[in-house]
Amino acid sequence: MNNGAPEKLTFFCELSSIELTKLFSNEVLFMQLRKLQATLSLGILDFSDERARIVHQLNEYNITVIAWQLLREEEGYWYNMGNAPKASSAYSDFLDWTNRHNLRWAGIGVDIEPDISEFHNLLTNKMRIIPALFKRMCRRKCFDDACKEYHSLVSRMQNDGYKVDSYEFLFMDDDRKAGSCILSRILGVTDVPSNRRVLMLYSSFFRPYGTAVLCNYACGADSVAVGITGGGVEFPGINSAPLDWHELSRDLRLARQSCDDIHVFSLEGCVDQNFMDGLINFDWNESVKQPQPMTFMLTIARFFSRLVLWLTTHPFLIGMAIGLLVSLIIL
């Protein structure tokens, strides 16, 4: 890799066994990943012999592989408040599959996102799902119970010798820094004690302000995920065009200004758009300007949003302020 490249570069890959076999049907992609000294975070969509064979090949090429844990769609797909027992059971199945095929993993990836069915419902019937989301905000015990279960599961993974990465939405960073869990409870996700937090800062989702979001949240992040170059879960009604080469190059350089650990979603998207050779010869040192005005405005907005979140966890202060204001008016 060229001078100035990040210390760690990881690609996400989220394909069925048939598609995965097709993607790695020749030696070229293995060699490209080796030249990039890249890690692969492989979505475990099934426990098939075909997927195990690809992992064996990656192991033979000395390509570092992370086991990205995913559930069946009817179980919520990603880790969230409602499926901790299913996640624990699926991890046990993963261990059995790993031992049966003698697979080597550099770590575990856990994807912290709302239930996939809620995404579908939100897109098709917003008026019914939104009240349900806010009702969940008041169910603190359900949130606390899910947190305990996921803390226990992650501790189990770590005790099994795996480092754990958590793939997180950007709002979780604001919630955490404010000492709050309001947003997490609304969207039904939990915080987990991971070894590395990867913020998913996909500018393709936030056009035309995606670069401002990326620059603002990348500062101080353990790792930054850029994208999307293609692939992944598709939702009806969302038309988010994949990043082209110019956009991906820009996002990689912007992320590199703040972080030395970068993820790219996704490998299959980069292959489909013929980006891999360009990444091997990529000039990480080429200058790129941050969108200063919009980044600054987002910084201000985040400050006030975290203030509001913090106040929601300290309601007695709001009561005291209102009482003081009323006293001053009366006097």
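Only the coordinates and a few stated rules stand behind these numbers; no lab work does. Keep in mind it's a predicted model, so treat the numbers as computed, not measured. Methodologically, a virtual Cβ is constructed for each residue, glycine included, from the backbone with ideal geometry; neighbour enumeration extends over all protein chains shown.
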Pairs over 25 Å Cα to Cα, from Lys86/Lys177; Lys35/Lys289; Lys8/Lys163; Lys8/Lys289, come to Lys86/Lys177; Lys35/Lys289
Calc'd 3J(HN,Hα), region 186-192, phi into Karplus 6.51 cos²θ - 1.76 cosθ + 1.60 (θ = phi - 60°), Hz, glycine/Pro = x, comes to 4, 8, x, 10, 10, 7, 10
Placing each pseudo-label 7 Å from Cα in the direction of the beta carbon, Tyr61 and Asp272 end up separated by a distance in nanometres of 2.0
Rg (one decimal) and Dmax (whole number) from the Cα set of region 240-301, in Å, equal 13.3, 39
Spelling it out for Glu113: with amide H atoms placed in the peptide plane at 1.01 Å from N, the residues 5 or more places away or on another chain with amide H under 5 Å from its amide H are Tyr79
For Lys163, the residues 5 or more places away or on another chain with a placed amide H closer than 5 Å to its own amide H are Ile108
Counting sequence-distant residues (5 or more places) and residues on other chains, those with an amide H built under 5 Å from that of Ser41 are Phe11, Phe12, Cys13, Ile66
Note, region 259-267: 3J(HN,Hα) by Karplus (6.51, -1.76, 1.60, θ = phi - 60°), whole Hz, Gly/Pro = x, goes 8, 9, 9, 10, 10, 10, 10, 9, 4
Scattering profile of region 71-118 from the Debye formula, Cα beads only, expressed as log10 I(q)/I(0) at q = 0.13, 0.15 Å⁻¹, is -0.33, -0.43
Phi-derived 3J(HN,Hα) across region 282-287 with the Karplus relation (6.51, -1.76, 1.60, θ = phi - 60°), rounded Hz, x for Gly and Pro, is 6, 8, 6, 8, 4, 6
Rounded to the nearest 5, the percent of DSSP beta bridges in region 8-291 running antiparallel is 0
hull vol. (C-alpha, convex hull) per residue for region 1-82, Å³ -> 97
Simple spin-label estimate for Lys8/Lys141, 7 Å along Cα→Cβ, in nm, reads 3.9
Shape descriptors of region 8-291 over alpha-carbon atoms, Rg and Dmax in angstrom, are 18.5, 53
